[in-house]
Structure formats: structure tokens, C-alpha cells
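The values are calculated or read from the model by the stated rules, or taken from the named source; none is laboratory data. Predicted, not measured: the structure shown is a model, and the values here were computed from it. So basically every Cβ, Gly included, is an ideal-geometry build from the backbone, and we count neighbours across all protein chains shown.
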Amino acid sequence: MSYMELYPVIYSSILTRLGNRDDADDICQEIFLIFYDKFDAIENKRNWLYGTMKKVLYNHYRKKNKTVNIGDDFDDIGLTFTNGFRDTRIVINEAIANIACADEEKIILELVATYNFSYGHVGEILGLSRRQVEYKYGMLVKKILDYFGQKGIKDIAELL
């Protein structure tokens, strides 16, 4: 893998966790300076970068007197990637799995967001009014955005 493939993955992972671009820039620079120095000796570059990222982030939190379990933090949405980008569907599915929502809400989200059905058409399928579908869809989207906010994702564009 090349630098151009690895940098966005590592940077967005750090930014997702910290929610602060300046700190993410500094930490990412630190990781890639170490990476550059040891490049030829590293066999599995992606694994090495993730391991180094965990160590550098642990040190960052330690300096700020924060206690965290870095291992658990990096098993969540911050590291769901496909071809260097987070696969938004996977991230949204994880959010839905971790928030309280009815099966009907999941169906509404899938039909409206994935298949671009109108609220009225979804209402016809589910026996609801267009207004009920719109309300339920809006409430679920709000729950998903709140979930992302708790994970440090402040802008939906960070998922792209």
C-alpha cells in the first residue's frame, strides 16, 4: 500500500476519535515521520500503522491526563473502511444496531435513504400516512446523528 492510500485512513481514524483537526494533524504527522524512518524494515505497513496509531494516541491521552482503553476505541466506527474510505452503509448499520429503533423505522430508512422511495410510497407500503413516515424517518436520522456526535463525528461529510 502506498502513502496516498494509508494517510487518509489513519488521519480520518484519528480525527474521528479526537474530533479536533489540529490534534489529528499533529498526531498523524508524528506517526508518518516514524513510519518514514522505519519504512524499509516494516513488513505489514497497514498493521504497523494501526499499532503505532494506538500507541501515539495513548501517549496523547496520557499527556492530557485522560484515561482511555485505546483497544476498545478502535474497534468501532472509526476504523470501518473500504478502499481507503469508510463505507457509510456499514457505519450507519452499526449506528442503527446501537440505538433503540423499531424494525419499521429501519425499513423506512432503507426505503427512503437507500432506494430513494418517496414518503408517500413508503406510507402506502407500510400502511402509514406520508406525514407519519416523514416523522419517523426524521426521528431516526436524528438518533443516528446523535450517535455519530457521541463518537466524535461532527459533520456527516466525515463519513465520506
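In region 31-45, the condition of being in a helix (DSSP H, G or I), within 13 Å of V9 (Cα to Cα) and modelled with pLDDT of 85 or more is met by at least one residue.
Go through region 101-135 and give me each residue that's surrounded by fewer than 18 Cβ atoms within 10 Å (Cβ to Cβ), among the β-branched types (V, I, T) and more than 26 Å from the chain's Cα centre (by Cα). Once the filter is applied, which keeps residues that are surrounded by fewer than 18 Cβ atoms within 10 Å (Cβ to Cβ), among the β-branched types (V, I, T) and more than 26 Å from the chain's Cα centre (by Cα), region 101-135 yields only I125.
Considering (1) assigned to a helix (DSSP H, G or I); (2) modelled with pLDDT under 80, the lone condition that N116 does not fulfil carries the number (1). Considering region 1-43, and only residues there that are within 30 Å of Y147 (Cα to Cα) and among the hydroxyl-bearing types (S, T, Y), the residue that is surrounded by the fewest Cβ atoms within 10 Å (Cβ to Cβ) turns out to be Y7.
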